[in-house]
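For reference, the structure discussed in these notes is given below.
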Number of protein chains: 2
Amino acid sequence: MDKTLKRMATMQRMQVTGLYLFYSKGYYNTSVDDVLKELSMSKGAFYHHFKSKEDFFIQIIENLLVRKIYTVLIEPIEGHEHTLDLINSCFEDALETAVHNELDYGFVLSNFINEFNGRNERVMKHLNNILKVWEVNLVSAIQRGKFNGYINRHVDAEGVAVFLMSAYMGVRTLMVEITPSARKYRFMSQLRNYLKSLEVKTATANIS
Amino acid sequence: MDKTLKRMATMQRMQVTGLYLFYSKGYYNTSVDDVLKELSMSKGAFYHHFKSKEDFFIQIIENLLVRKIYTVLIEPIEGHEHTLDLINSCFEDALETAVHNELDYGFVLSNFINEFNGRNERVMKHLNNILKVWEVNLVSAIQRGKFNGYINRHVDAEGVAVFLMSAYMGVRTLMVEITPSARKYRFMSQLRNYLKSLEVKTATANIS
DNA sequence: TGTAATACCGACCAACCGGTCGCTATACAA
DNA sequence: TTGTATAGCGACCGGTTGGTCGGTATTACA
């Protein structure tokens, strides 16, 4: 096998294991030795590939976390179909994955933000960047929805984005407890209610 | 001074300092020595009053955290005035406090849940209990609102409670970043929008 | 004033932390 | 086959962790 290819394969394997452990036990609560034990690897090998634990984690963020958020929360709302339906399906799918996750420790990004906030500025910058990318993409999806006539012109796109992100991050924390499925169902029902309030209003639609 | 009174005063002082440090640096990232340094106290004194670090933290939860949540998030919505107004004011005030907090590390309860979830079942039980109390009180406030004619009869009280808790917990995490004030404003605006959708509908109110 | 309980002190412990370093094992190019 | 760069090894280091323990200082009460 090509040398650089093998190197990348090893590093990838280390990062996947690292993300899993950091997510489940927390960054500060997971020692380098823990990661190495899981990998059946030596310390020398670790520090041959990464210059520090922090550097290892930052590479995990950039290589794995960013891609994860993209796949689950950004790409699904990029289409030109009815924006509110896209958002609804996207959240539905994301939460369903969480429900079926045997061991759910909450929204990965939100967990790390909580852990690093006020403690490690360098890591926080990387995490906040992901948050920003998500926000920007949500805002433009909503504006696209307005342009395409699916969303009321007077809706504040930035406000909706902040609200949606808040709701999602919060419910993911709530769902780590017992009966995540019931909470997901109730949450999604209220989310649809909220999304409906953003629709283009017709003269007759809301008379009850 | 009475002996037991002095003991309680000392323990109270220790717990207040402990909560501050655990909140700002995280539980696992704060050593007992850190707490003792802040208190100018010895290890012997600490372990004379508390049998372990974990025990110390659980007492902090029961004595300080529970009361805090009660004061900020439960009592303000207990009245018989318009329920949705009470909720709106309660969230507004709670977030305003967060904005003015020089060093904000997010919603205390939510931070600790994130830190202990899957790592310490005993502590999690105590934290989940607070969450449950909050939820129960929100649900009964909403049902009271329905009874008093402020909220639509068909509204799912449990669903609204989960949604409101999610949104609050999420926005508190989002607000730790830059410009918390702007995010608060946008969030509250959307929250009012959502709360409005729960009101008793009249034939003319929603024609636009 | 004597005494017993409580409050507090800080040296000390084993276990663990992130990181270093001198070493070997392997793989490819000449 | 040999030389050289990369991959991987694990003992070891200084520092920190939660917790212990033998001691002293302070207090309340007889």
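The values are calculated or read from the model by the stated rules, or taken from the named source; none is laboratory data. As the structure is a prediction and not an experimental result, all values here were calculated from the model. Methodologically, a virtual Cβ is constructed for each residue, glycine included, from the backbone with ideal geometry; neighbour enumeration extends over all protein chains shown. SASA here: full protein model, heavy atoms, side chains in, ligands and nucleic acids out. Shrake-Rupley method; radii C 1.70, N 1.55, O 1.52, S 1.80 Å.
Enter the mean projected area of the convex hull around the alpha-carbon atoms of the stretch A:1-103, in nm², rounded to one decimal. Intermediate values should be presented prior to the final figure.
Details: hull surface 34.8 nm².
The orientation-averaged projected area of the Cα hull of the stretch A:1-103 comes to 8.7 nm².
Going through the stretch B:35-142, which trypsin sites (Lys or Arg not before Pro) have at most 11 other Cβ atoms within 10 Å and a DSSP loop state? Write down the numbers at each step before the final one.
Numbers: sites: B:37, B:43, B:51, B:53, B:67, B:68, B:119, B:122, B:125, B:132; in loops: B:51, B:119.
Listed in order of number, the matching sites are B:51.
Using only protein heavy atoms and a 1.4 angstrom probe, determine the accessible area buried between B and A, summed over both sides, in Å² to the nearest 100.
Chain pair B/A: roughly 4300 Å² of buried accessible area.
Less than 17 Å from a label point 7 Å out along the Cα-to-Cβ axis of residue A:25: which backbone N atoms in the stretch B:116-144 qualify, by residue?
Within reach of a label on residue A:25, which here means backbone N under 17 Å from a point 7 Å along Cα→Cβ, the stretch B:116-144 contributes B:116-121.
If the stretch A:79-190 were replaced by its equivalent ellipsoid, with semi-axes equal to the square roots of 5 times the Cα gyration tensor eigenvalues, what would those be, largest first, whole Å? Display every interim value, and only then the final one.
On the way: eigenvalues 129, 84, 22 Å².
So the equivalent ellipsoid measures 25, 21, 10 Å along its semi-axes.
Could you compute the FRET efficiency for residue A:148 and residue B:9, with r as their C-beta to C-beta distance and R0 at 51 Å, rounded to 0.05?
Working: r = 65 Å, r/R0 = 1.27.
With R0 = 51 Å, the Cβ-Cβ based efficiency is 0.20.
Taking each residue of A:155-162 in turn, how many C-beta atoms of other protein chains fall within 10 Å of its C-beta, and what is the average?
On the way: counts 2, 4, 1, 5, 10, 4, 2, 12.
Partner-chain Cβ atoms within 10 Å, mean over residues of A:155-162: 5.
Rolling a 1.4 angstrom probe over the protein heavy atoms, how many square angstrom per residue are accessible across the stretch A:83-164?
Working: 3430 Å² over 82 residues.
Per-residue value: 42 Å².
Mind listing the label-point distances from residue A:52 to the same position on all other copies, shortest first, one decimal in nm, points 7 Å along Cα→Cβ?
3.3
Hey, got the average number of other protein chain Cβ atoms within 10 angstrom for residues in B:173-186? Display every interim value, and only then the final one.
Details: counts 13, 10, 2, 6, 7, 1, 0, 0, 0, 3, 7, 1, 2, 9.
Per-residue shielding by partner chains comes out at 4.
Kindly give the distances from residue A:152 to its copy-mates, label point to label point, with each label point 7 Å from Cα along Cα→Cβ, as nm values to one decimal ordered shortest first.
Nearest first, the other copies' label points are 1.3 nm away.
Wrap a convex hull around the Cα atoms of the stretch B:1-50, take a quarter of its surface area, and give that in square nanometres.
Working: hull surface 13.6 nm².
Seen from a random direction, the Cα hull of the stretch B:1-50 projects 3.4 nm² on average.
Quick check on my link table: of B:6/B:43; A:68/B:53; B:25/B:184; A:37/A:68, which ones sit more than 30 Å apart, alpha carbon to alpha carbon? Each step should come with its number before you reach the end.
On the way: B:6/B:43 18 Å; A:68/B:53 36 Å; B:25/B:184 24 Å; A:37/A:68 25 Å.
Checking Cα-Cα distances, A:68/B:53 exceed 30 Å.
Mind giving me the FRET efficiency for residue B:72 and residue B:122? R0 is 22 Å, r the Cβ-Cβ distance, nearest 0.05 is fine.
Numbers: r = 25 Å, r/R0 = 1.15.
Using R0 = 22 Å, I get an efficiency of 0.30.
Could you work out how far helix B:180-196 tilts from the main Cα principal axis of chain B, as a 0 to 90 degree angle to the nearest 10?
40
Against the 2.2 N^0.38 Å scaling, with N counting residues, where does chain A land? I'd like the Cα-based Rg ratio to two decimal places. Kindly include the intermediate steps, with their values, before the conclusion.
Numbers: Rg = 20.1 Å, N = 208, 2.2 N^0.38 = 16.7 Å.
It is 1.20.
Once you average over the residues of A:22-32, how many Cβ atoms of partner chains fall within 10 Å of each Cβ? List each step's numbers first, then the result.
Details: counts 0, 1, 3, 3, 9, 2, 5, 6, 0, 0, 0.
Across the residues of A:22-32, the mean count of other-chain Cβ atoms within 10 Å is 3.
From the convex hull of the Cα coordinates of the protein assembly as shown, what is the mean projected area in square nanometres?
Working: hull surface 97.3 nm².
Result: 24.3 nm².
If you roll a 1.4 Å probe over the stretch A:53-196 with all protein chains in place, what percent of the accessible area is carbon or sulfur? Don't jump to the answer; show the numbers that get you there.
On the way: 2980 of 5950 Å².
C and S fraction of accessible area: 50 percent.
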